[in-house]
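Just dropping this structure here.
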Amino acid sequence: MIAPLVDAGVFSDSASLLLALAIGVAFGWALERAGLGNARKLMGQFTLTDLTVFKVMFSAIVTAMLGSFWLARLGWLDLSRVYVPDTFIVPQILGGLIFGAGFVAGGLCPGTSCVAAATGRLDGVAVIAGMLAGVTGAGWLLPRVPALFDATPRGVLTLPDALHISYGAAVFFVVVVALTGFRAATAIERSRR
């Protein structure tokens, strides 16, 4: 969300880099404070004993969605200038499956692996090495299978478009799902103790 503000002249290029660094450090600090640099805590997600990851990520999604919605409503953010990548169903499902398998095998996702590595955990370093190997392998493979990479294009697809509802209704829907999910996650955690 910094890019539209840079384009509007609110921040210079160098100020936006400093702001991005500060946001990244703050995010990493928050992940570490929440214990998300620890693979055991993250694996609790898959055993349904600790759903902190679900709660943190859904909180981030809802916060960003509400922030974008209200900034746009107040005229401070032009949502048409916020980049949304194109949707390609098959390659993105395949990428999600590979990401999920890596998450389960390593116990860390990209952000939490960086936090783990920064705090001296070798499992974080190993996951980062695996990510770099995966990116290198994908960079080598994708030009050789362009049909896969370009399969099932849907253009820019957003939740309001997919559900055929207004942006405000989509925000409300996600907030309700999140609140329901938070209650369910807490109930699941209590039942597994």
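Just check the stretch 38-192 against the gyration tensor rule for me: Cα atoms, a ≥ b ≥ c as the square roots of the eigenvalues, rounded for a/c under 1.5, and otherwise prolate or oblate depending on whether a/b exceeds b/c.
Values: a/c = 1.84, a/b = 1.11, b/c = 1.65.
In terms of gyration-tensor shape, oblate.
Continuing with this model, one more query. If you count, for each residue, the other Cβ atoms within 10 Å and average over each peptide, how do 40-46, 128-134 line up from highest to lowest? Don't jump to the answer; show the numbers that get you there.
Working: 40-46: 17.1, 128-134: 13.7.
My ranking of the peptides, most packed first, is 40-46, 128-134.
Then there is this: Using a simple spin-label model with points 7 Å from Cα along the Cα→Cβ vector, what separation in nm is obtained for ALA184 and THR152?
Calculated label separation equals 2.2 nm.
Contact order normalised by length for the stretch 1-135, with contacts defined as Cα pairs under 8 Å and 6 or more residues apart; what percent is it? Mind dumping the intermediate values first?
Numbers: 89 pairs, mean separation 37.4, N = 135.
Once normalised by length, the contact order is 28 percent.
For the chain, list the DSSP H helices whose alpha carbon atoms reach 24 Å or more along the long axis and whose average Kyte-Doolittle value is -1.0 or above? Before the final figure, lay out each step's value.
Values: long enough: 13-33 (30 Å, 1.18); 52-73 (31 Å, 1.35); 89-106 (25 Å, 1.76); 122-141 (28 Å, 1.53); 167-192 (37 Å, 1.05).
Helices meeting the span and hydropathy rule in the chain are 13-33, 52-73, 89-106, 122-141, 167-192.
Given Cα pairs under 8 Å that are at least 6 residues apart, what percent is the relative contact order of the stretch 42-108? It would help to have the intermediate numbers written out before the result.
Details: 20 pairs, mean separation 21.6, N = 67.
So the answer I get is 32 percent.
Only the coordinates and a few stated rules stand behind these numbers; no lab work does. Since we're looking at a predicted model, the values are computed, not measured. No Cβ is skipped: glycine too gets one built from the backbone with ideal geometry, and neighbour counts run over all protein chains shown.
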